[in-house]
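I have placed the structure first, in the form of structure tokens, so that the comments after it can refer back to it.
The values are calculated or read from the model by the stated rules, or taken from the named source; none is laboratory data. Worth saying up front: this structure is predicted, and the values here are computed from it rather than measured. Neighbour counts are summed over all protein chains in view; Cβ atoms, including those assigned to glycine, are modelled from backbone coordinates with ideal geometry.
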Amino acid sequence: MIRILAALVLAVAVTAPALAADRVVRLTIDGRPVDRNGGSAVLHNGIVYADVIDLVKSFNGLVTFQGPALVVTISGVTATFTTGSRTAKVGDGSVVMRGAAFLREREMFVPLDTFVNRLTTAKVRLNRDRSQADILVNLSVQN
């Protein structure tokens with residue numbers, strides 16, 4: 001029992017700094033927050049990542065779970081993201097992402113720019129310190 005407790009304490013000690021090092025990024029779509037509580041996007045290892053499920057909901061897409069992978073379809077474009085992999089399958093090809101997809105509190109996060117640029121016609125705009133990311137779907141509204 002003591003070994004199990006020691007292993008649990010060690011696991012928490014190792015993973016807690018990694019989670020603490022991530023900084024929450026405010027994420028909006030055409031000026032509206034993606035979620036009320038925040039946490040849909042994080043700055044992780046210098047890259048802005050976003051929660052796949054929140055993005056799929058925002059774009060009225062479909063997601064299916066296939067083991068460690070999520071298969072996402074938005075407006076006829078299908079992509080497969082796999083936890084721990086920097087390669088995403090998009091359509092008939094593949095894309096090397098800036099960073100690997102990862103799990104954070106049981107949610108998959110992928111690089112925001114890859115998701116938006118490859119699956120949608122929207123654009124991503126980051127502020128200078130990367131504390132806010134804006135997804136611009138209706139560019140005519142923003143101009």
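One table, with the values for the structure above:
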item	result
Residue in region 125-132 that is outside any strand (DSSP E or B), within 13 Å of the chain's Cα centre (by Cα) and either closer than 24 Å to residue 32 by Cβ or basic (Lys, Arg) (or both) present	no
Filter pass, residue 95 being within 23 Å of residue 24 (Cβ to Cβ) and either modelled with pLDDT under 95 or surrounded by 15 or more Cβ atoms within 10 Å (Cβ to Cβ) (or both)	no
Of residues in region 98-115 being touching a strand residue (DSSP E or B) at 6+ places or on another chain (Cβ under 6 Å) and in contact (Cβ under 8 Å) with a residue 60 or more places away in the chain, the one surrounded by the most Cβ atoms within 10 Å (Cβ to Cβ)	109
Of the criteria (1) part of a helix (DSSP H, G or I); (2) touching a His at 6+ places or on another chain (Cβ under 8 Å), which one residue 116 fails	(2)
Residue tally, condition surrounded by 12 or more Cβ atoms within 10 Å (Cβ to Cβ) and either free of Cβ contacts under 8 Å to residues at least 12 places away in the same chain or not aliphatic (A, V, I, L, M) (or both), over region 27-75	20
Qualifying residue in region 4-26 (condition: among the β-branched types (Val, Ile, Thr), at pLDDT 95 or above, surrounded by 14 or more Cβ atoms within 10 Å (Cβ to Cβ) and closer than 17 Å to residue 137 by Cβ)	no
Yes/no for residue 109 being among the aromatic types (Phe, Trp, Tyr), in contact with an Asp or Glu (Cβ under 9 Å, 6 or more places away or on another chain) and modelled with pLDDT of 95 or more	yes
